[in-house]
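Asks: Attaching a single structure in structure tokens format; questions to follow.
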Amino acid sequence: MKKSNLTINDIAKALNVSKSTISRALRDAHDVNPETKRKVMAFAERHDYRPDSQAKGLRSRSTKTIGVIIPAYNIPFYSIAICGIQDYAMKMGYNVIICHSNEQYETEIKNVEALLNANVEGIIISVARDTAKNEHIRKLRRKGIPLVLFNRVIEDFKAPKVVVNDYYGALNMVNYLIKTGCRKIAHISGPANLLLSNNRKAGYLDALAQADIPEDDNLMIEGDFTIESGMTCMQKLLEKNREIDGIFAVCDAVAFGAMKALKNHGIKIPDTISVAGFTNEPMAALVEPSLTTVKQPIYEIGETASKLLFAQLEDPELPAELCVLETTIEVRESTRKLNSSATDSMG
């Protein structure tokens with residue numbers, strides 16, 4: 001290798017270490033193994049490595065700020081996820097600018113422009129309910145802005161993403177409802193343009209199929225992610241079918257709305273109808289009866305999204321990574337209890 005042409009990529013290949021680790025070692029970052037750092041510094045000195053002056057100049061103008069766009073402030077999931085994002089960003093010496101789209105595509109576009117005007121160094125996004133097109137997000141990629149999508153992501157868009165296993169979370173929850181004796185299980189889904197809505201609905205349908213329970217269009221209705229939507233959808237379901245004995249809602253807020261509608265009709269939960277949600281919002285443990293739900297590692301979702309963004313800041317050439325975090329079932333009072341035979345069958 002010629003000394004004058006040595007690059008971080010050359011050092012990485014020579015030492016069999018990732019480019020991001022080389023970059024952090026050369027900056028004397030605290031999160032690099034001391035022995036690795038020693039080897040990198042020795043190699044760089046031995047080969048008279050000097051950072052590219054143009055890149056160094058760009059780094060010196062760093063704003064030390066990243067941007068986050070969420071669909072709404074009033075969804076508890078996002079307040080918890082933001083804590084995970086911000087805590088990690090602060091560890092890295094960065095500040096966070098938070099925007100919310102109010103579930104509107106046009107506002108989301110304005111959020112992106114505002115963050116670009118603020119010269120943020122990277123953006124983390126959970127797309128709005130109304131976001132069907134994504135040219136504004138593709139524009140970020142063309143500009144070379146580090147980008148991570150989380151929770152509500154775009155399926156065919158190549159970028160790092162952080163999600164939970166929505167399909168298996170739904171599958172496991174509906175299996176649980178079936179094991180408690182439910183056979184007429186309705187599903188209030190989320191907007192069909194969102195991947196998580198489709199994955200949760202697919203888990204619901206496959207759980208029914210595995211239990212030889214026929215699919216029934218009268219037991220499925222599309223809503224959004226609000227309590228009001230849950231109330232409206234539950235009312236419509238009851239008008240179509242009074243034999244419902246279980247509800248699986250796309251999220252906890254929708255489940256809360258469904259529970260309110262059932263109470264308004266004098267229907268007992270869970271004696272007549274079991275209700276299950278998805279998220280494990282703080283209110284899930286406080287409503288009456290407390291809500292059985294799919295528990296997501298919300299803080300870790302935000303923290304992982306932040307880590308993926310900073311990995312890109314270190315190495316823009318990193319491949320787009322999909323991080324899928326697992327869920328568990330939090331059983332509370334809104335669903336029937338498993339009988340002894342069902343408990344034995346669950347192992």
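Asks: Dividing the alpha-carbon radius of gyration of segment 226-347 by 2.2 N^0.38 Å (N being the number of residues), what value is obtained?
Replies: Numbers: Rg = 18.5 Å, N = 122, 2.2 N^0.38 = 13.7 Å.
The reported ratio for this selection is 1.36.
Asks: Related question: At 0.36 nm per residue, and after removing the present C-alpha to C-alpha distance, how many nm does the segment from THR65 to ALA285 gain when stretched out fully? Can you show the working numbers first?
Replies: Numbers: separation 220, 0.36 × 220 = 79.20 nm, distance 3.55 nm.
Gain in length upon complete extension: 75.6 nm.
Asks: In addition: Straight-line reach from LYS19: which aspartates and glutamates have Cα under 12 Å away, leaving out those fewer than 8 places along the same chain?
Replies: Those aspartates and glutamates meeting the cut-off are ASP10, GLU314, ASP315, GLU317.
Asks: Using only alpha carbon positions, build the gyration tensor of the chain, then give the equivalent ellipsoid semi-axes as the square roots of 5 times its eigenvalues, largest first, whole angstrom.
Replies: They are 47, 21, 16 Å, listed from largest to smallest.
Asks: Here is a further query. Along each of the three principal axes of the Cα atoms of segment 232-301, give the extent in whole Å, ordering the values from largest to smallest.
Replies: Ordered largest first, segment 232-301 gives principal extents of 40, 20, 17 Å.
Asks: Once you sort the root eigenvalues of the Cα gyration tensor of segment 164-203 as a ≥ b ≥ c, which label holds: rounded (a/c under 1.5), prolate (a/b larger than b/c) or oblate (the other case)?
Replies: Details: a/c = 4.12, a/b = 1.72, b/c = 2.40.
Note, shape of segment 164-203 comes out oblate.
Asks: I would also like to ask the following. What pairs in LYS37/LYS139; LYS110/LYS161; LYS184/LYS337 have C-alpha atoms more than 26 Å from each other? If you can, show how the numbers build up before the last one.
Replies: Values: LYS37/LYS139 36 Å; LYS110/LYS161 22 Å; LYS184/LYS337 17 Å.
In this structure, LYS37/LYS139 exceed 26 Å between Cα atoms.
Asks: If you take the beta carbon distance between ASN119 and ALA209 as r and set R0 to 45 Å, what does 1/(1 + (r/R0)^6) give as a FRET efficiency, to the nearest 0.05?
Replies: Numbers: r = 51 Å, r/R0 = 1.13.
FRET efficiency, ASN119 to ALA209: 0.30.
Asks: Pairing the Cα long axis of helix 195-210 with the longest principal axis of the chain, what angle in degrees results, from 0 to 90 and rounded to the nearest 10?
Replies: Value to nearest ten degrees: 50.
Asks: Separate question: Find out how many positive minus negative residues lie around SER306, taking Lys and Arg as positive, Asp and Glu as negative, among other residues whose Cβ is under 11 Å from that of SER306.
Replies: Working: positive: LYS91, LYS307; negative: ASP87, GLU300, GLU303.
In short, -1.
Asks: Counting helices only, and only those DSSP H runs with n ≥ 4, report the 222 nm mean residue ellipticity of the chain as the sum of -39,500 (n - 2.57) divided by its residues, in deg cm²/dmol to the nearest 500.
Replies: The helix contribution divided over the chain gives -13500 deg cm²/dmol.
Just so you know, all these numbers are worked out from the coordinates, no wet-lab data involved. Bear in mind the structure is a predicted one, so any value in this text is a computation, not a measurement. Positions of Cβ are generated from backbone atoms using ideal geometry, with glycine treated the same way; all protein chains shown enter the neighbour counts.
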